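The structure appears below as structure tokens.
The values are calculated or read from the model by the stated rules, or taken from the named source; none is laboratory data. These numbers were taken from a predicted model, which means no experiment stands behind them. Cβ placement follows ideal geometry from the backbone for every residue including glycine, while neighbour counts extend to all protein chains displayed.
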């Protein structure tokens with residue numbers, strides 16, 4: 001859908017929460033053929049679309065014969081009620097699999113300066129640093145400061161403006177939320193990233209993972225654009241950051257969780273007093 005993703009109301013969040021997707025999908029089990037699924041008829045509302053999407057994903061995964069039907073059902077659900085994109089069980093099941101919304105206009109602009117900070121503190125040790133890329137849109141100059149951890153190569157590998165543009169190209173799948181928060185479904189792994197993109201017109205864009213650890217490398221990322229907070233419903237920016245720091249040879253420490261289980265968050269965000 002076009003930018004921006006529709007704002008989610010408390011009523012929409014409540015409706016999505018009242019759809020007991022994980023229990024209702026049992027009517028599609030034991031494992032049914034795609035023909036049998038289709039024979040049940042077209043879903044009547046967004047709850048039934050979400051249930052169908054989850055049932056196919058749970059029974060077949062998203063790399064099998066039912067993937068196209070599952071993703072279509074998911075798209076139907078979030079189009080009818082945008083809160084389903086953040087309905088906890090749906091969010092985790094379809095994270096990063098279906099394009100939700102176009103990138104914001106700022107994603108097409110080239111930043112002149114990039115400042116990235118990283119900190120990870122585990123039982124195996126601490127790693128932290130600041131990564132600065134000056135003249136990122138013309139002739140990138142890379143430097144690392146306040147390093148705590150193994151040193152990177154010296155000199156650091158060179159970057160091109162296109163390398164930096166991979167960061168802004170990854171600003172996709174941003175879904176509005178009432179406030180930023182820490183999404184922490186995992187234990188013993190709390191890598192934390194921040195990034196500031198500065199532009200020659202004086203604008204800046206600040207992003208952070210907010211100690212979220214759903215992703216091994218930290219994240220999903222969150223940001224604020226035009227006064228609205230957003231969470232990224234994919235690993236695109238996390239993947240782009242990982243590619244960058246691995247190319248530069250920067251340390252990441254030992255981000256490895258021992259236990260992970262889905263953390264509900266939709267009710268806390270939209271129904272609890274702010």
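Results, tabulated for the structure shown:
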item	result
Lone unmet requirement of (1) within 23 Å of the chain's Cα centre (by Cα); (2) within 17 Å of residue 249 (Cα to Cα); (3) modelled with pLDDT of 95 or more for residue 120	(3)
Every residue from the stretch 238-274 that is within 20 Å of residue 107 (Cβ to Cβ) and either out of contact with any strand residue (DSSP E or B) (no Cβ under 7 Å at 6 or more places or on another chain) or at pLDDT below 95 (or both)	239, 240, 242, 243, 244
Exclusive hit being assigned to a helix (DSSP H, G or I), modelled with pLDDT of 90 or more, out of contact with any helix residue (DSSP H, G or I) (no Cβ under 6 Å at 6 or more places or on another chain) and under 21 Å from residue 233 (Cβ atoms), set 74, 84, 5, 92	92
Test: residue in the stretch 232-251 that is surrounded by 16 or more Cβ atoms within 10 Å (Cβ to Cβ), in a strand (DSSP E or B) and either more than 12 Å from the chain's Cα centre (by Cα) or free of Cβ contacts under 8 Å to residues at least 40 places away in the same chain (or both)	no
Single match in 183, 215, 156 (criterion: in contact (Cβ under 8 Å) with a residue 40 or more places away in the chain, in a loop (DSSP other than H, G, I, E, B) and crowded, with 18+ Cβ neighbours inside 10 Å)	183
Residue match in the stretch 195-204 (condition: free of Cβ contacts under 8 Å to residues at least 12 places away in the same chain, part of a strand (DSSP E or B) and either in the same structural domain as residue 152 (by TED's automatic domain parsing) or within 29 Å of residue 108 (Cβ to Cβ) (or both))	yes
Some residue of the stretch 194-203 being within 22 Å of residue 94 (Cβ to Cβ) and surrounded by 18 or more Cβ atoms within 10 Å (Cβ to Cβ)	no
Breaking point among (1) in the same structural domain as residue 249 (by TED's automatic domain parsing); (2) surrounded by 15 or more Cβ atoms within 10 Å (Cβ to Cβ); (3) in contact with a strand residue (DSSP E or B) (Cβ under 9 Å, 6 or more places away or on another chain), for residue 85	(1)
Test result for residue 171, outside any loop (DSSP other than H, G, I, E, B), under 27 Å from residue 136 (Cα atoms) and under 18 Å from the mean Cα position of the chain (by Cα)	no
Single residue of 100, 62 found to be crowded, with 19+ Cβ neighbours inside 10 Å, in contact (Cβ under 8 Å) with a residue 24 or more places away in the chain and closer than 27 Å to residue 2 by Cβ	100
Residues of the stretch 218-231 that turn out to be assigned to a loop (DSSP other than H, G, I, E, B) and touching a helix residue (DSSP H, G or I) at 6+ places or on another chain (Cβ under 8 Å), as a count	3
Filter result for residue 67 (assigned by TED's automatic domain parsing to the domain that holds residue 181 and modelled with pLDDT under 95)	no
